[in-house]
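Below you'll find the structure, written out as structure tokens, and then a few comments.
The values are calculated or read from the model by the stated rules, or taken from the named source; none is laboratory data. Predicted, not measured: the structure shown is a model, and the values here were computed from it. Methodologically, a virtual Cβ is constructed for each residue, glycine included, from the backbone with ideal geometry; neighbour enumeration extends over all protein chains shown.
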Amino acid sequence: MKKSFIYLLAVTFLATATISCKKKEKVKLPEGEKEIVVPCSGPEFFTDKKTFRANAMGESQDQMTAKRKALSNTRDELARSINTKVKAVTDNYVNSREFNNKEEVEERYENLTREVVDQELAGTKTICEKLVKTQQGTYKYYIALELTTDDLLDSYNKRMQKLTNDERLKIDYDYEKFKKTFEAEMDKLSNGGR
């Protein structure tokens, strides 16, 4: 009995090791085509429900100009992504609340979103950066940035609290309901709804 158990264990181990060591098959590309691997890009740099991410590249004959272009392009992409998602959240949130002046409230929320995004972009975290020199002698700078949804929500809530304390701009704001709406919208990213 012991002998057969050891034999079975050895066979299982060898089968597992053989399967694990098998090389992954490469996808055959059509003739004349070559895969391009772009630094700081790919699935690990996609936005998910906890973090907004963006990546871009800048090219110049000057190294610092390439970096500035890449940062500018990445921040623009990140801002567009955040604005699009927060606009959807705001629309859903405002529509779920009963406001007499719905248009005015939506405009205030949109302005607030722009202010928060502009402020928060300064606090983004660099998660990847690569500098390369091309055969033509120019520099290419690749970069990926991220901003956590928690940081964005915290900043948004602080700004909204100031807004709701101003009698002139007083609006009905429920942070927990806004957060729940925001999280539901971000969950769509995990379910394939980019």
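Give me the residue from region 28-50 that is more than 12 Å from the chain's Cα centre (by Cα) and of a type in the set (Val, Ile, Thr) and, out of that set, nearest to Lys125 (Cα to Cα).
It comes out as Val38.
Taking Val27 as the residue in question, decide whether it is modelled with pLDDT under 85 and not in a helix (DSSP H, G or I).
Working: modelled with pLDDT under 85: yes; not in a helix (DSSP H, G or I): yes.
Judged against the criteria, Val27 is a match.
In region 89-194, which helices (runs of 4 or more DSSP H) lie fully inside it and hold 2 or more residues that are modelled with pLDDT of 80 or more and surrounded by 14 or more Cβ atoms within 10 Å (Cβ to Cβ)? Break it down stepwise before answering.
On the way: elements: 102-121, 149-165, 175-190.
Per the criteria, 149-165, 175-190.
If I ask for residues that are exposed (fewer than 13 other Cβ atoms within 10 Å of the Cβ), touching a strand residue (DSSP E or B) at 6+ places or on another chain (Cβ under 8 Å) and not aliphatic (A, V, I, L, M), which ones from region 37-62 would you list? Walk me through it before giving the result.
The first filter runs over region 37-62 and keeps only residues exposed (fewer than 13 other Cβ atoms within 10 Å of the Cβ), leaving 37-38, 42-44, 61-62.
If we keep only those that are touching a strand residue (DSSP E or B) at 6+ places or on another chain (Cβ under 8 Å) too, we end up with 38, 61-62.
Those that are exposed (fewer than 13 other Cβ atoms within 10 Å of the Cβ), touching a strand residue (DSSP E or B) at 6+ places or on another chain (Cβ under 8 Å) and not aliphatic (A, V, I, L, M): Gln61, Asp62.
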